[in-house]
Amino acid sequence: MQPEQRELQIYLIRRTHNGWIWMGHNQGVDVYDGRRWSRLSQSQGLLWDDISESAFFEDHDGSVWIGTSKGASHVLDPQRLFQAGAPRVTLTEFSRGGHPIAAGARLPWNQESLHIEAGSPDLYDDRNRVSLRYRFEGAQTRWIHTPNFEIEHPPLAPGEYTLELQLLDAYRHSVSAPVRVAFSVEPAWWRSKSMQALYVLLCGGLAIAALHWRERHLRQRERQLAELVALRTQELEHDKRELEIARAALAVKASHDSLTGLLNRAGILDALAAQMRHSVAEQQPVAVAVAMIDLDHFKRINDTHGHLIGDAVLTKVAQRLNTNLRDSDLIGRYGGEELLGVLPGLPIPSHERLQGLRVAVSGHPLRVGKQSLAVTASIGVAWYRPGETLQQLLARADQALYRAKHLGRNRVELQHP
């Protein structure tokens with residue numbers, strides 16, 4: 001998976017008979033043929049970018065049906081998704097102060113910025129699909145990425161440079177061949193060898209004075225540059241800390257339920273999958289229990305007291321369960337009034353421990369505002385069997401939950417391995 005795909009809302013992942021991976025999300029469908037990614041979106045003929053959950057069918061002729069929130073699209077020839085060539089880029093303008101810069105140009109040094117304009121002979125009906133990256137070899141080795149096709153770059157110090165420019169196709173994760181322009185920036189006139197020779201010829205004393213002045217000037221400039229570097233370093237460190245804080249907040253928001261503060265469905269399922277992999281990796285498999293917790297008659301609470309009270313009940317139940325978990329245990333909101341607990345290292349049958357979870361919910365009434373509400377929970381528990389899938393494990397836990405409800409609710413039922 002590419003880094004930018006981690007921000008997508010994924011609704012389906014399917015594998016076709018040829019081994020291709022199809023991943024539907026809120027911005028279309030990403031297809032992986034084992035070597036390359038390609039994106040199919042509304043701009044390529046998809047009926048709508050918002051893909052419906054699990055709406056995918058491979059026909060006997062190899063074509064694919066994809067359901068969107070506005071209807072179904074039929075991809076008749078999936079092979080065409082990878083037939084396009086590499087992207088191409090053209091440098092339409094490279095100038096400084098309105099004067100074009102040709103290959104091999106020797107520019108006098110000044111403080112004017114460099115202007116770059118780029119284009120492509122290919123047509124892209126989605127402007128967000130392509131972006132540029134560029135660098136000046138001789139001044140920098142890292143690429144500068146930008147969505148803009150008109151660029152203003154700060155003036156360069158004297159030296160030999162090569163502008164390198166490439167076009168990036170985000171849908172196919174491919175890069176064009178680079179466009180290169182070699183040029184140089186001459187030193188300022190007062191630094192030229194001829195002027196230095198003239199200083200020496202004028203008189204020895206003037207040369208010595210000039211050297212002393214220049215030495216003081218360079219030291220002063222060195223101090224100024226050191227101060228600027230220190231200031232900029234401090235600013236960059238501050239920006240880095242702010243960015244790390246923002247990224248951490250986004251990660252929490254993406255993986256946690258905003259109402260209860262618990263892990264959301266994706267977060268708790270990821271945690272369960274990780275525990276299953278860890279159990280298999282150990283020489284002695286570690287027991288992994290999954291507890292499906294459903295609040296009994298929760299709809300009655302919503303219908304009788306309103307959804308705000310229902311939300312408050314969910315929040316308080318989440319708090320009670322959290323206080324009864326071990327450090328290694330995790331719990332998340334699976335959907336609606338259903339919660340999912342992941343209990344690694346829990347031996348079979350652990351009746352007392354599991355009853356403790358039930359009692360944490362129903363042991364005494366919940367205080368919600370001025371009301372006291374009796375809330376109970378039914379719990380179905382299953383232990384991971386090496387080799388079974390996550391869906392199979394959840395299905396067995398759901399069967400145990402169904403049995404708990406069928407036998408009168410407010411109880412714990414186990415689905416033994």
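The spacing between the stretch 247-309 and the stretch 175-199, judged by their C-alpha centroids, is 62 Å.
With a cut-off of 13 Å on the backbone N, no residue of the stretch 293-317 is near the modelled label site 7 Å out from SER372 along Cα-Cβ. Between GLU53 and GLU152, the C-beta separation translates, for a Förster distance of 45 Å, into a calculated FRET efficiency of about 0.50. The long axis of helix 204-255 is offset from the longest Cα principal axis of the chain by roughly 20 degrees.
Relative to the Cα centre, the charge distribution of the chain, modelled as +1 at Lys and Arg Cβ and -1 at Asp and Glu Cβ, gives a dipole magnitude of about 1000 debye.
Please identify which residues in the stretch 345-373 have an amide N closer than 12 Å to a label point set 7 Å out from the Cα of VAL286, following the Cα→Cβ vector. Residues 345-346 fall inside that zone.
Net charge dipole, the stretch 90-189: roughly 240 debye, given to the nearest 20, about the Cα centre with Cβ charges of +1 for Lys and Arg and -1 for Asp and Glu.
Each of ILE301, ILE293, ILE101 was scored by other Cβ atoms within 10 Å of its Cβ. Listed from fewest to most, they are ILE101, ILE301, ILE293.
Computed from backbone phi, the HN-Hα couplings of the stretch 375-385 come to 10, 10, 9, 9, 10, x, 10, 9, 9, 5, 9 Hz, rounded to whole numbers (Karplus: 6.51 cos²θ - 1.76 cosθ + 1.60, θ = phi - 60°; Gly and Pro given as x). Computed extension gain for LEU407 through ALA170, at 0.36 nm per residue and net of the alpha carbon distance, reaches 79.9 nm. Only one item in (i) 107, 59, 50; (ii) 196, 41, 40; (iii) 63, 55, 41 matches Cα extents along the principal axes in Å derived from the coordinates shown, and that item is (i). Taking a ≥ b ≥ c as the square roots of the eigenvalues of the Cα gyration tensor, an a/c ratio of 1.5 or more together with a/b no larger than b/c marks the stretch 242-358 as oblate.
Classified by the C-alpha gyration tensor, the stretch 150-255 has an oblate form. Its axis ratio a/c, with a ≥ b ≥ c, is 1.5 or above, and a/b does not exceed b/c. Calculate the FRET efficiency for HIS297 and ASP327 from the Cβ-Cβ distance with a Förster distance of 30 Å, rounded to the nearest 0.05. Efficiency, from the Cβ-Cβ distance: 0.40. Taking a ≥ b ≥ c as the square roots of the eigenvalues of the Cα gyration tensor, an a/c ratio of 1.5 or more together with a/b no larger than b/c marks the stretch 215-302 as oblate.
The distance separating the Cα centre of the stretch 101-160 from that of the stretch 12-67 comes to 36 Å. Among LEU354, LEU206, LEU340, the residue with the largest mean-square fluctuation in a Gaussian network model of the chain, with springs joining Cα atoms closer than 10 Å, is LEU206. Counting lysine pairs in the chain that sit 8 or more residues apart in sequence, or on different chains, and whose Cα atoms lie under 20 Å apart gives 5.
In plain terms, the chain from GLN224 to HIS74 could stretch by 47.6 nm, reckoned as 0.36 nm per residue minus the Cα-Cα distance. Arranged from fewest to most other beta-carbon atoms within 10 Å of their beta carbon, THR304, THR376 become THR304, THR376.
Angle check, please: helix 307-323 long axis (alpha carbons) against the longest principal axis of the chain (alpha carbons), in degrees 0 to 90, nearest 10. Once rounded, one gets 90 degrees. Put a plus charge on the Cβ of each Lys and Arg, a minus charge on the Cβ of each Asp and Glu, and nothing anywhere else: the dipole of the stretch 265-415 about its Cα centre is then about 400 debye.
Given a Förster distance of 30 angstrom, what is the FRET efficiency for ARG88 paired with SER63, based on the Cβ-Cβ distance and rounded to 0.05? Rounded to the nearest 0.05, the efficiency is 0.50.
Using the average count of surrounding beta-carbon atoms within 10 Å as a protection proxy, the listed peptides 396-402, 87-93, 386-392 rank, highest first, as 396-402, 87-93, 386-392. A cut-off of 5 Å between modelled amide H atoms, ignoring neighbours fewer than 5 places along the same chain, links ASP296 with THR376, ALA377, SER378. Mean residue ellipticity, 222 nm, helices only, the chain: the sum of -39500 (n - 2.57) across DSSP H runs of n ≥ 4, divided by residue count and rounded to 500, is -11000 deg cm²/dmol. Model label sites at LEU201 and HIS217, defined 7 Å from Cα along the beta-carbon direction, differ in position by 2.0 nm.
Coordinate-derived values only; no laboratory data. Just so you know, these numbers come straight off a predicted model, no measurement behind them. Every residue, glycine as well, gets a Cβ built from its backbone with ideal geometry; the counts of neighbours run over all protein chains shown.
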